Amino acid sequence: MSNSSSIAEFILLPFSDTRELQLLHFALFLGIYLAALLGNGLILTAVACDHRLHTPMYFFLLNLALLDLGCISTTVPKAMANSLWDTRAISYAGCAAQVFLFVFLISAEYFILTFMAYDRYVAICKPLHYRTVMASRACAQMAAAAWGSGVLHALLLTANTFSLSLCQGNAVDQFFCEIPQILKLSCSHSYLREVGLLTFSGFVFWGCFAFILFSYVQIFRAVLKMPSEKGQHKAFSTCLPHLVVVSVFISTAAFAGFKSPSISSPSLDLVTTVLYSVMPPAMNPLIYSMRNQELKNAIWNVLLQIFFSNRKVLISLPK
């Protein structure tokens with residue numbers, strides 16, 4: 001019988017045992033990862049450099065882009081390396097670090113999305129108080145609360161997960177170290193406190209969801225009372241990207257976390273985990289910029305500056 005102290009490494013679930021498919025998975029993940037780096041990097045640069053985007057909405061979007069970059073960088077590079085080099089192992093310390101970082105980043109992202117809903121609620125339902133309620137100091141405190149709560153949540157779950165006795169081997173049925181899959185390796189009598197913490201996490205999850213839902217009910221009520229059709233369209237256009245991102249995030253995470261064990265399988269677990277952990281960081285920049293002309297203009301300005309600065313460098317090089 002083994003326990004956590006005697007395990008030096010974990011064995012992750014491969015995407016395929018066929019070499020050609022492993023290389024295909026590597027290429028696919030590389031494309032998704034580069035798209036996430038480019039999209040979120042452009043949003044970070046545009047928001048930081050364009051003073052017109054120094055508003056609460058874009059401040060939270062900048063935080064979201066940072067968290068998306070961290071989240072996808074926690075899981076995808078290791079999965080790519082495993083597919084490329086045909087390996088499955090991850091060290092015990094590496095697994096613990098991956099669990100901590102993923103829980104921290106995904107929790108902080110959910111809290112940021114909750115504060116973004118509050119931002120839209122104040123902007124549309126209480127426009128006269130918006131500058132007071134969403135002042136720079138208040139926004140910074142909200143962001144700090146989101147990041148700090150994410151760290152605390154990750155510390156609690158990671159410390160409890162890796163203090164359990166592991167009696168079922170070291171094979172994790174996922175492409176990265178995920179808490180539910182590690183719990184399957186624990187002794188039956190030792191995981192009750194972790195289940196308690198996960199239940200608490202579920203209450204926090206649904207609490208934030210209820211707050212977001214309440215905010216959007218109030219937003220839709222306020223928008224439908226607007227006399228101007230143009231005003232309604234503008235209000236909906238500022239809320240729609242956030243609503244799409246939240247819907248994708250909550251639906252995929254809820255399905256992955258609360259699906260029935262009777263329909264669970266390694267292949268289905270793999271697909272649902274990719275949907276909630278890998279796809280959102282790559283898709284969020286596209287969703288937010290698609291209907292936001294202000295953000296699109298700022299991104300184009302960044303691209304043009306990069307292009308023309310590179311041309312000046314090439315022209316100045318000696319022939």
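Miscellaneous remarks
- Candidate set from the stretch 8-32 (those that are crowded, with 16+ Cβ neighbours inside 10 Å and in contact (Cβ under 8 Å) with a residue 60 or more places away in the chain); member that is farthest from TYR92 (Cα to Cα): ILE32
- Taking residues in the stretch 148-165 that are closer than 16 Å to GLY70 by Cα, and partners anywhere that are open to solvent by less than 30 Å² (accessible area, probe 1.4 Å), the pairs with Cβ atoms closer than 6 Å and at least 6 places apart or on different chains are GLY150/PHE104; GLY150/SER107; GLY150/ALA108; VAL151/PHE104; ALA154/VAL103; ALA154/PHE104.
- Scope the stretch 68-107; condition hydroxyl-bearing (Ser, Thr, Tyr), in contact (Cβ under 8 Å) with a residue 60 or more places away in the chain and surrounded by fewer than 22 Cβ atoms within 10 Å (Cβ to Cβ); matching residues: SER91, TYR92
- Neighbours by Cβ (under 7 Å, 6+ apart or cross-chain): first from the stretch 298-319, modelled with pLDDT of 55 or more; second open to solvent by less than 100 Å² (accessible area, probe 1.4 Å) and aliphatic (A, V, I, L, M): ALA298/ALA46; ALA298/LEU53; ILE299/LEU42; ILE299/ALA46; VAL302/LEU42; VAL302/ALA46
- Some residue of the stretch 211-220 being part of a helix (DSSP H, G or I), over 30 Å from GLN174 (Cα atoms) and modelled with pLDDT under 85: no
- Taking residues in the stretch 261-277 that are at pLDDT below 80, and partners anywhere that are open to solvent by less than 40 Å² (accessible area, probe 1.4 Å) and of a type in the set (Lys, Arg), not one pair has Cβ atoms closer than 6 Å while being at least 6 places apart or on different chains.
- Residues of the stretch 179-210 that turn out to be open to solvent by 50 Å² or more (accessible area, probe 1.4 Å), within 20 Å of ASP269 (Cα to Cα) and modelled with pLDDT of 85 or more, as a count: 0
The values are calculated or read from the model by the stated rules, or taken from the named source; none is laboratory data. All figures in this text were calculated on a predicted structure; none of them were measured in a lab. All Cβ positions, even for glycine, are placed from backbone atoms using ideal geometry, and neighbour counts span all protein chains on display. Accessible surface is based on the protein model in full, side chains and every heavy atom, while ligands, DNA and RNA are left aside. Shrake-Rupley method; radii C 1.70, N 1.55, O 1.52, S 1.80 Å.
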